[in-house]
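Structure, as structure tokens:
The values are calculated or read from the model by the stated rules, or taken from the named source; none is laboratory data. This one's a predicted model, so the numbers in the text were calculated from it and none came from an experiment. Quick reminder, even Gly has a Cβ in these numbers, built from the backbone with ideal geometry, and neighbours come from all protein chains shown.
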Amino acid sequence: MARIETPRRVRGTQDIFGDEQRRFAHVLATFERVRALYCFQRIDIPVFESTAVFARSLGETTDVVSKEMYSFEDRGGDSLTLRPEFTAGIARAYLTEGWQQFAPLKITTSGPVFRYERPQKGRFRQFHQIDAEVIGAAEPAADVELLVLADQLLRELGIAEGVTLQLNTLGDAATREAWRAALVAHFEAHRGELSEDSLTRLEKNPMRILDSKDPKDRPIADSAPDIDAYLTPEARAFFDAVTAGLDAAGVAWERNARLVRGLDYYRHTAFEFVTDRLGAQGTVLAGGRYDGLIGSLGGPETAGVGWAAGVERLAMLLDEPAAAAIDAVVVPMGADAEARATGIVADLRRAGVAVEMAYKGKMKARMAKADALGARFAIILGDDELAKGVAAVKTLGAGTQVEVAFADLAEALR
């Protein structure tokens with residue numbers, strides 16, 4: 001008989017359990033609590049979209065589109081892609097679902113995203129993001145609100161120490177056009193010294209040379225002109241309003257004039273929350289204003305700003321979270337007690353009491369399980385207790401024990 005080979009987990013994916021899952025869940029629960037304080041609505045969108053949604057929004061020449069997307073033809077011959085990020089799908093939904101009527105729209109979402117890249121610490125091919133967006137608000141106050149939300153999220157997760165908000169302006173369309181021309185002239189003058197990747201970017205996306213990691217490119221990128229000389233008065237006023245809002249809200253920031261977004265639909269604010277606690281992969285949350293995105297998808301010109309953060313990276317920065325608290329473990333001894341315990345456990349759970357049933361092993365082993373689970377009480381049922389209509393409730397920390405009528409158990413445990 002042929003041996004059946006056990007299937008393996010696909011490379012770049014993960015099975016999340018135990019302490020790791022508790023960290024993961026804590027990030028999501030904290031995000032849900034904080035977004036509600038800021039009156040953001042939760043939405044959910046499809047895991048896959050038409051490939052054109054991402055090709056048009058992310059740009060055909062980006063690494064994500066050209067190398068990293070999971071794209072496939074379905075049975076009807078349509079080209080579909082597993083989402084590599086959230087913003088494009090949200091912009092598509094905004095257009096197709098008629099959400100323009102709700103603008104300005106403050107929304108959040110979370111879930112898995114997919115990129116085919118080399119797996120490494122904190123980076124997977126299926127990973128998870130939280131995402132926050134404001135669509136239909138051209139005012140700098142929207143940028144400020146999103147950044148203050150992100151700052152509060154990091155604080156409430158307890159990971160804000162050692163994380164720095166880096167901020168830059170990409171200006172308006174006129175600013176970008178003038179700065180882009182100056183960058184092209186600068187890089188053309190050093191064409192012979194640039195890496196192959198940067199030569200490709202020079203033709204299609206010259207701003208991306210500024211964040212090149214290639215040592216050949218760094219001296220040329222570092223000596224490139226800053227955007228400040230090309231800011232229009234309107235663009236400068238916008239950035240000043242954002243920084244003034246952050247100062248008023250007590251959010252620390254520092255300027256990083258080399259922080260860029262290569263695609264033309266990005267405008268004004270670009271930002272990253274960075275740390276040195278994750279090694280080379282130091283960005284924990286990033287985003288910016290994308291006023292040109294919805295127009296590039298065929299919709300009306302619509303302002304937008306947003307950010308995303310990797311759940312895995314945030315979880316890696318957390319202290320080990322405590323296991324979920326258990327109020328009581330029910331310990332029945334004998335068949336009659338087990339039958340009665342089933343009803344007691346159901347009643348207690350319906351009353352909002354977290355209860356586990358210890359239904360295997362001898363009395364000592366069952367009590368040991370109650371201790372191991374960190375329960376506050378053990379509810380012991382045997383023939384004597386059944387005859388009297390009571391349970392023996394033992395306070396595990398103190399070792400004290402009292403008898404409680406079945407009908408009074410929920411109140412006693414609270």
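In the stretch 216-244, the residues that are acidic (D, E) reach residues that are assigned to a helix (DSSP H, G or I) and surrounded by 12 or more Cβ atoms within 10 Å (Cβ to Cβ) with C-beta atoms within less than 8 angstrom, at least six apart or across chains, in these pairs: D217/S198; D217/I209. Those residues that are outside any strand (DSSP E or B) and within 23 Å of G334 (Cα to Cα), I need them from the stretch 386-398; list them, please. If the condition is that a residue be outside any strand (DSSP E or B) and within 23 Å of G334 (Cα to Cα), then L386, A387, K388, G389, L396 are the ones that fit. Taken over the stretch 284-318, the criterion of being of a type in the set (D, E) and either farther than 18 Å from L170 by Cβ or in contact with a Cys (Cβ under 9 Å, 6 or more places away or on another chain) (or both) is satisfied by E312 alone.
Considering the stretch 34-52, the residues that are assigned to a loop (DSSP other than H, G, I, E, B) and more than 16 Å from the chain's Cα centre (by Cα) include one that is surrounded by the most Cβ atoms within 10 Å (Cβ to Cβ), namely Y38.
Quick grid of which residues meet (1) under 21 Å from F273 (Cβ atoms); (2) crowded, with 16+ Cβ neighbours inside 10 Å:
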position	(1), (2)
S195	no, yes
S198	no, yes
E203	no, no
I209	no, yes
F239	yes, yes
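In the stretch 88-102, the residues that are surrounded by fewer than 20 Cβ atoms within 10 Å (Cβ to Cβ) and of a type in the set (A, V, I, L, M) reach residues that are at pLDDT below 95 and not in a helix (DSSP H, G or I) with C-beta atoms within less than 6 angstrom, at least six apart or across chains, in these pairs: L95/G299. Of the residues in the stretch 388-397, none is under 30 Å from A141 (Cβ atoms), of a type in the set (A, V, I, L, M, F, W, C) and touching a residue at least 40 places away in the same chain (Cβ under 8 Å).
Cβ-Cβ contacts under 7 Å between residues 6 or more apart (or on different chains), taken from a first residue in the stretch 189-214 that is on the phi > 0 side of the Ramachandran plot to a second residue that is among the acidic types (D, E), are absent.
Filtering the stretch 371-385 to residues that are in a loop (DSSP other than H, G, I, E, B), of a type in the set (G, A, S) and farther than 20 Å from G343 by Cβ leaves only G374.
Reported count of residues in the stretch 350-374, each being small (G, A, S), in contact with a strand residue (DSSP E or B) (Cβ under 8 Å, 6 or more places away or on another chain) and modelled with pLDDT under 80, is 2.
Restricting the search to strands (runs of 3 or more DSSP E) fully inside the stretch 301-370 and requiring at least 2 residues that are closer than 30 Å to R125 by Cβ and not aliphatic (A, V, I, L, M) gives 304-310.
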